[in-house]
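I have a structure I would like to understand better, so I am pasting it below and will then ask my questions one at a time.
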């Protein structure tokens, strides 16, 4: 064990109703890559906010290089040599790279030839960056470089990284790991937060595992298996979703020549999207966030109309110009990415929320009058069948936990028995139990003959449930190839937009060239 | 020629209150706050400036009173929207109504009084030059201050760290907070600045432009200033241009009435407002461009994550 750099002793922090951190103690050695592993809600983010001075602990103490350390604000932590790369990047899209970096530094350090130093540090670590580009025009991987370079310019001794790879392609992850190992080699410590087990096994020297705000185990990840790590993290054993293949039927959803200009400032345009989804199959769309998924989802839902009606066909019928409710009526249902605010209205009850989406298909209104009883019954059915934990269907959607609300939203759509279901990030940010339940439900839905399209950034999930996977990169969609002919490697290359596997016949995947 | 100089002088005087109010609001909006109470802050500044000038006979005291009065109004807005997290739009509307009422009450005893002439720049020789002398070197001091303010704000946003921080807070207050900038503190500062500017704009009307007090004398200029900020796409230089455009049309229509143009005076009086609306509509037709310049956090309340 190298000499400790940062030591935590009995850190505790409570929020109304939850004890987010409960008596947490561990230490990070100099030049060590230390993993902090845990489920969503295990208390990882709270803990790093305490170390970075965003939050203060209710109890406990920290020591840095043997001296007491209690930062009151992030600038104090930075002055002590602690840098942080945030999970949701703390970047400003309308400002340039150099301006963004200057904002995250102490005023004294931001003076002088900052642009020159940015170029120097970014070349030294192989993270090429143009200081004058607008951050909004950068890819997600490049944005992370901005954060890393900002961190490195301050000569950090400890870098905290909160879920840094969730937005990267597998190739970008490799580059990141190279950089991190090199930094560790130079004596810089890294506190690496993640729930991705393989990454932690590949990268980290030590791991501290959190569950329910407590330290439940410490280990050397390389000596563990992904399964044993998962069981320590969850406190229970998991069974992977059943993966027996279904035989696809006729084409239900057909996209053909779907092009669309983005309406948002830094959005990606869709270019000539073509895809077929058949009855009884699950097609996955992989891709790094910000490559056109949001616009594709809006185009499918009908929030943005296609230029031609026949760019989107449902059972042969052109629906490209129909509004969302017209499409639902025709038989296509949706689970948008953002559950609170898009899939469900936070301050409306569950009953009201089912009316919004199931009004037509479940006859919840007649002559503009709502049938509230029938709506409440339908909401109750969803709650019962999908095991949603709630005090009642008249409670606001906001009051449900993430996993429960997601189960409710997915259930609300599935129980409308659509001929096509489109789901974006169906298990994003929900606990492992709910995620497994939702994946199981999607598989069952496909078995019952629905064509299911899943847009997700979680490659493991797509490989687990999909029959075919297409990749969206820069607003273009590759051909959808059967999962058994694909490797993570190939998908990764397509995510980076390097191989254009745009074959006509399914299965004709081009070999990937690096 | 004399007429042209007079028209130009008139334009400068008509535009200056708008320049003050618009540049103040621009800074506020850059930090991500929309204060619709500009009209209310202007009129309170107008009566504060006018009454203190009358009482003390000192123009500087009047100007300071207007600055303080405007800033106090903005402070009220700040407490409500930044600390108590009230809705910015509703609070701004209420602030305007409150300001109009307060100014009317305060101004009851001042109707019909006159303030005399505000001191003007007077440089020997230069100010006496034919034509350009009066225009360039013979304006009142506040005109020069307004121009300096525009240049200063533009420089502040482009060249200083403080300006960068304010732009960053308006762009993404959550990120700014995560990095460690006190979002609410900076927003109070911009609000106070904006309020002081609006108050000064109001005082320019009552102390310099028409040196007497009349109830409701701001006549919607606060709203025009708000519109100018959008018209200018949050750029100081363009806000100045917009203020002078509005001022220019105001003066030209007055003169055209003098020349006996055969259009009803009421229609001519509408012209500056119509022209400003027209320009706004044309500019806003490119949604993407407006979005590009608009501070992304405008009107969003900020709660520090616990």
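Derivation of every value follows stated rules applied to the coordinates shown; laboratory data play no part. Note that the structure is a prediction, hence the values are computed from the model and not measured. FYI the Cβ positions are ideal-geometry reconstructions off the backbone, even for glycines, and counts take in every protein chain you see.
For region B:161-225, take the convex hull of the Cα atoms, compute a quarter of its surface area, and give me that in nm², please.
Over all viewing directions, region B:161-225 projects a mean Cα-hull area of 5.7 nm².
Given the rule -39500 (n - 2.57) for each run of at least 4 DSSP H residues, summed and divided by the residues of chain A, what is its mean residue ellipticity at 222 nm, to the nearest 500 deg cm²/dmol?
Calculated mean residue ellipticity at 222 nm is -9000 deg cm²/dmol.
As an exercise, take the mean of 1/r over every pair of distinct alpha carbons in region B:219-270, invert it, and state the Kirkwood radius in angstroms.
12.0
I've got another one for you. Expressed as a whole percent, how much of the Cα-Cα distance distribution for region B:1-131 exceeds 23 Å?
Within region B:1-131, distances greater than 23 Å cover 45 percent of Cα pairs.
For residue B:75 paired with residue A:218, estimate the spin-label separation in nm (one decimal), with each label point 7 Å from Cα along the Cα-to-Cβ line.
5.3
If you build the convex hull over the alpha carbons only and average its shadow over all orientations, what do you get for chain B? Give it in nm² to one decimal. The partial results should precede the final answer.
Numbers: hull surface 69.0 nm².
In nm², the orientation-averaged hull projection of chain B is 17.3.
Once you order the gyration tensor axes a ≥ b ≥ c over the Cα atoms, which shape class does region B:68-173 get: rounded for a/c under 1.5, otherwise prolate or oblate by comparing a/b with b/c?
oblate
By counting other Cβ atoms within 10 Å of each Cβ, how are A:162, B:174 ranked from fewest to most?
Starting with the residue having the fewest Cβ neighbours, the order is B:174, A:162.
How much length, in nm to one decimal, is gained on full extension between residue A:226 and residue A:289, taken as 0.36 nm per residue of separation minus their Cα-Cα distance? Each step should come with its number before you reach the end.
Working: separation 63, 0.36 × 63 = 22.68 nm, distance 2.56 nm.
Difference between extended and current length: 20.1 nm.
Pop out the Kirkwood hydrodynamic radius of region A:84-160 from its pairwise C-alpha distances, inverse of mean 1/r, in Å to one decimal. All intermediate terms of the calculation are to be shown ahead of the outcome.
Details: mean 1/r = 0.0816 Å⁻¹.
It is 12.3 Å.
Relative contact order of chain A: what whole-number percent is it, with Cα pairs under 8 angstrom and at least 6 residues apart?
With pairs under 8 Å counted, the relative contact order is 14 percent.
Let me ask something else. State the dimensionless ratio Rg/Rh of the protein assembly as shown (Rg: radius of gyration of Cα atoms; Rh: Kirkwood radius).
Value, to two decimals: 1.03.
If you don't mind, another one. Could you tell me which of rounded, prolate or oblate describes region A:261-311, using a ≥ b ≥ c as the square roots of the eigenvalues of the alpha-carbon gyration tensor, with rounded for a/c under 1.5 and, failing that, prolate when a/b is larger than b/c and oblate otherwise?
oblate
Apply 1/(1 + (r/R0)^6) to the Cβ-Cβ distance of residue A:447 and residue A:178, taking R0 = 41 Å, and write down the FRET efficiency to the nearest 0.05.
Numbers: r = 43 Å, r/R0 = 1.05.
It comes out at approximately 0.45.
If you rank B:164, A:37, B:93 by fewest surrounding Cβ atoms within 10 Å, what's the result?
Fewest to most other Cβ atoms nearby, the residues stand as B:93, B:164, A:37.
How high is the FRET efficiency from residue B:265 to residue B:60, r the C-beta distance, R0 51 Å, rounded to 0.05?
Calculated transfer efficiency: 0.85.
For helix A:372-385, report the angle its Cα long axis makes with the longest principal axis of the Cα atoms of chain A; keep it between 0 and 90° and round to the nearest 10°.
So the inclination is approximately 60 degrees.
Follow-up question, since we're still on this one. Which translational diffusion coefficient, to the nearest whole µm²/s, is obtained for region A:4-234 from the Stokes-Einstein equation, given a Kirkwood hydrodynamic radius over C-alpha pairs, 37 °C and 0.692 mPa s?
So the translational diffusion coefficient is about 183 µm²/s.
Taking beta carbons within 10 Å but only from partner chains, what does the mean come to for residues A:94-102? Can you show the working numbers first?
Details: counts 11, 5, 0, 0, 0, 4, 5, 0, 4.
Other-chain Cβ atoms within 10 Å of each residue's Cβ, averaged: 3.
Semi-axes of region B:109-228's equivalent ellipsoid from the Cα gyration tensor, sqrt of 5 times each eigenvalue, largest first, rounded to whole Å?
Details: eigenvalues 252, 94, 23 Å².
Working from the Cα gyration tensor, I get semi-axes of 36, 22, 11 Å.
Under the definition of Cα pairs under 8 Å and six or more residues apart, what whole-number percent is the relative contact order of region B:159-306?
Computed value for region B:159-306: 31 percent relative contact order.
When a/c is below 1.5 the answer is rounded, else prolate if a/b is larger than b/c, else oblate, so apply that to region A:324-449 with a ≥ b ≥ c taken from the square roots of the Cα gyration tensor eigenvalues. The partial results should precede the final answer.
Details: a/c = 1.63, a/b = 1.16, b/c = 1.41.
It is oblate, given that a/c is not under 1.5 and a/b is not larger than b/c.
Can you sort A:305, A:476 by how many other beta carbons sit within 10 Å, fewest first? Spell out each step's value before the answer.
On the way: A:305 17, A:476 21.
In order of increasing Cβ crowding within 10 Å: A:305, A:476.
Return a whole-number percent for the relative contact order of region A:293-442, with Cα pairs under 8 Å and 6 or more residues apart as the contact set.
Working: 213 pairs, mean separation 36.3, N = 150.
So the answer I get is 24 percent.
Next up: Pop out the Kirkwood hydrodynamic radius of region B:133-185 from its pairwise C-alpha distances, inverse of mean 1/r, in Å to one decimal.
13.2
Using 5 Å bins from zero, what percent of all Cα-Cα pairs in region A:118-230 falls into each bin?
Whole-percent P(r) values from 0 Å outward: 2, 10, 21, 22, 19, 12, 8, 4, 2, 0.
Another question about this same structure. Between residue B:131 and residue A:59, what's the calculated FRET efficiency when r is the beta-carbon distance and R0 is 60 Å? Round to 0.05.
The calculated FRET efficiency here is 0.20.
Whole number please: convex hull volume per residue, Cα atoms of region A:251-495, in Å³. It would help to have the intermediate numbers written out before the result.
On the way: hull volume 28.8 nm³, N = 245.
Cα convex hull per residue, to the nearest whole number: 118 Å³.
Pairing the Cα long axis of helix A:402-414 with the longest principal axis of chain A, what angle in degrees results, from 0 to 90 and rounded to the nearest 10?
20
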